[in-house]
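Notes follow the structure.
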Amino acid sequence: MSSSIVLATSIAPKGIENQQRAVASWIKNGFRVISCNVREEIEMIAGSFPEVEFVEVKRDSREINGKPCPYIYDMLQVLRERGTEICGIVNSDIHLKYFSQEMYEYLHEQAQENLVFLRRQEVLGLDKKDEINGVTFFGGIDTFFFHKKMIDLIEDDGLILGQAMWDYWFPIVLEEKGIKLREMVNPITFHVTHATRWDDSLTEGISYEICEKHFPEIKREDAVEYLKDRFFSIISSPEGQICFVPEELKVKRILVRGEKLDEENRKRLQNSRLDVTVWQEGTEEAEDFDYVIEIPYQTEVSVVFAEAAVWIMEMRNLVKQQVPVYWRGNRSGDVIIENCNTLLRQKFNREIKPIVIWRKNEPLQKVEVQTGNCPVCIATVWIEEDETVIWNREKTVGRVLIFPAGFIARKWVKRYRPVAKEIELVGWVDNNPDLQDTDIFGMKVFRPDEILGKQNAYDKIFIISNLYAEEIYQSLSEYVPKEKLVIWNEYDGKKWRDMQR
């Protein structure tokens with residue numbers, strides 16, 4: 001067995017029960033956990049986490065964001081002193097599931113020369129129903145693994161755990177030093193959505209400081225966008241994806257179907273470590289296979305696409321699942337999901353499961369998909385960024401407040417003001433005292449408490465945030481009727497969702 005992987009985190013003095021379950025899930029699977037906290041927090045919480053090693057940090061971020069969060073650089077120095085060969089950083093409310101000793105060894109091997117990261121699955125709870133209805137979070141990264149020698153490559157750039165941008169900065173800086181990034185696509189980390197506070201202006205300031213030091217040619221107003229684009233260009237390469245495949249899956253027979261699969265995609269799929277057959281009309285019968293994967297649109301698939309899809313279905317005993325693969329594009333057209341074709345519907349008619357899809361010029365709806373004898377994996381694709389097309393399909397009417405007043409929201413106003421004729425923008429809302437009562441684009445920035453009790457003053461609140469949309473929604477829904485909240489998720493290229501639960 002490989003030596004223990006040591007994880008650095010910072011346990012917060014609230015939400016103790018959720019963090020206890022999360023931290024215990026790592027310790028149960030062979031990880032050592034170190035929590036970096038200020039002394040007063042250690043005195044408050046150490047007794048609730050007897051298996052965690054607490055280390056006092058001598059500085060914290062209270063002067064910057066009002067919270068005693070540790071600096072990433074200081075956490076790395078703790079790992080340098082107390083860590084083993086392979087180390088990691090993980091947020092304290094990330095739950096580990098579907099893990100195994102073989103996966104541990106695989107992770108240990110992959111982190112020898114690479115920076116390995118895991119995306120979290122955003123869920124409302126931790127039972128199987130919540131997992132199936134969860135979504136892969138693309139706004140940031142909560143879990144990294146790396147060899148301890150990489151710590152020497154990291155400078156003290158003032159990044160803080162719990163504040164946006166540290167997870168963008170980490171892979172950017174290490175890539176500059178020649179370290180390759182690898183995304184382990186097995187969905188094994190889960191985060192229960194909760195309310196939180198955010199500060200887009202602080203994010204903008206941190207982004208500018210990073211660029212001022214490392215990329216001085218970047219203007220202050222472009223810093224967030226530059227780091228975001230650079231981050232996604234690094235992590236989006238299909239060649240950077242890895243997937244753990246247990247031996248028992250390597251003997252399963254997998255059929256991949258897709259009428260628009262091109263030759264390049266066929267070659268990639270057949271390079272999988274699984275026994276993959278790419279369907280051609282008239283050559284294969286679906287019942288001859290253990291799993292069938294439907295690819296409904298011509299898009300670039302990675303070598304690990306089939307591996308990830310089958311692993312998900314095998315681990316969770318599913319008959320269908322949206323593959324956690326991310327597509328972006330600028331092609332105007334439908335949101336496309338192809339149901340099982342006639343042959344598959346005849347073969348797999350044991351049960352009917354509803355899934356939520358979008359179609360052009362139609363409202364959000366549920367469509368019945370027939371599945372059965374063999375599990376079927378259904379992928380979805382959203383590829384649309386044309387403002388006029390988007391607004392004509394998804395437009396709402398009335399008086400609208402925008403929350404928060406940060407960089408991304410301001411960019412949205414510039415893009416959509418010319419086409420969003422059906423709405424009247426009546427102001428911004430933001431938690432940042434420096435922005436409150438100021439004027440942005442001719443609209444006042446209100447405090448949250450100013451608008452929460454004045455529901456007749458607006459018809460909708462648009463939540464426009466890259467990283468914290470779900471958390472903002474949870475916070476506002478305690479005071480604002482859910483039918484007044486509309487969430488914008490920039491990381492899906494374009495996705496509106498009325499968050500009615």
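The values are calculated or read from the model by the stated rules, or taken from the named source; none is laboratory data. On a predicted model such as this, the values are computed, not experimentally measured, just so you know. Using ideal geometry, Cβ is built from the backbone for each residue, glycine included, and neighbour counts are taken over all protein chains shown.
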- Of all residues in the stretch 471-501 being over 21 Å from Arg410 (Cβ atoms) and of a type in the set (Asp, Glu), the one that is modelled with the highest pLDDT: Glu483
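Among the residues of the stretch 56-67, which ones are surrounded by fewer than 19 Cβ atoms within 10 Å (Cβ to Cβ) and over 25 Å from the mean Cα position of the chain (by Cα)?
If we filter the stretch 56-67 for residues that are surrounded by fewer than 19 Cβ atoms within 10 Å (Cβ to Cβ), which is where we start, we get 56, 58-59, 62-67.
Glu56, Lys58, Arg59, Arg62, Glu63, Ile64, Gly66 - these are the residues of the stretch 56-67 that are surrounded by fewer than 19 Cβ atoms within 10 Å (Cβ to Cβ) and over 25 Å from the mean Cα position of the chain (by Cα).
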- Item | Condition broken by His95, with the remaining ones in (1) more than 20 Å from the chain's Cα centre (by Cα); (2) crowded, with 18+ Cβ neighbours inside 10 Å satisfied | (1)
- Kindly state which strands (runs of 3 or more DSSP E) lie completely within the stretch 387-468 and contain at least 1 residues that are free of Cβ contacts under 8 Å to residues at least 24 places away in the same chain and surrounded by 14 or more Cβ atoms within 10 Å (Cβ to Cβ). 443-446
- Which is touching a residue at least 12 places away in the same chain (Cβ under 8 Å) and over 25 Å from Val303 (Cα atoms), of Met184, Met103, Met165? Met165
- Message: Which pairs turn up if I take residues in the stretch 61-74 that are under 15 Å from Arg39 (Cβ atoms) and look for partners that are at pLDDT below 85 and surrounded by fewer than 19 Cβ atoms within 10 Å (Cβ to Cβ) with beta carbon separation below 9 Å, at least 6 apart in sequence or on another chain?
- Response: Pro68/Arg62; Cys69/Arg62; Cys69/Gly162; Pro70/Gly162
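Being among the β-branched types (Val, Ile, Thr) and more than 13 Å from Lys444 (Cα to Cα) is the filter; apply it to the stretch 390-429 and report the residue that is nearest to the chain's Cα centre (by Cα).
The initial filter retains those residues of the stretch 390-429 that are among the β-branched types (Val, Ile, Thr), namely 390, 396-397, 400, 402, 408, 413, 419, 423, 426, 429.
Applying the additional criterion that residues be more than 13 Å from Lys444 (Cα to Cα) yields 390, 396-397, 408, 413, 419, 423.
Numbers: Ile390: 23, Thr396: 27, Val397: 30, Ile408: 17, Val413: 24, Val419: 29, Ile423: 30 Å.
Applying the filter and picking the extreme gives Ile408.
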- Could you tell me which residue of the stretch 236-284 is nearest to Val185 (Cα to Cα), considering only residues that are among the hydrophobic types (A, V, I, L, M, F, W, C) and at pLDDT below 85? Leu269
- Task: Filter the strands (runs of 3 or more DSSP E) completely within the stretch 19-117 down to those with at least 3 residues that are polar (S, T, N, Q) and in the same structural domain as Gly162 (by TED's automatic domain parsing).
- Result: none
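From Leu107, Leu115, Leu153, grab the single residue that is in contact with a Lys or Arg (Cβ under 8 Å, 6 or more places away or on another chain), farther than 17 Å from Glu471 by Cβ and crowded, with 18+ Cβ neighbours inside 10 Å.
Details: Leu107 fails: in contact with a Lys or Arg (Cβ under 8 Å, 6 or more places away or on another chain); Leu153 fails: crowded, with 18+ Cβ neighbours inside 10 Å.
After applying the criteria, what remains is Leu115.
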- Result of the Cβ filter at 8 Å on the stretch 1-29, keeping first residues that are free of Cβ contacts under 8 Å to residues at least 40 places away in the same chain and among the β-branched types (Val, Ile, Thr) and partners that are in a loop (DSSP other than H, G, I, E, B) and surrounded by 15 or more Cβ atoms within 10 Å (Cβ to Cβ), at least 6 apart or interchain, is Ile27/Val52
- Note on the structure: Ile89 vs (1) crowded, with 20+ Cβ neighbours inside 10 Å; (2) among the aliphatic types (A, V, I, L, M); (3) modelled with pLDDT under 95: all pass except (3)
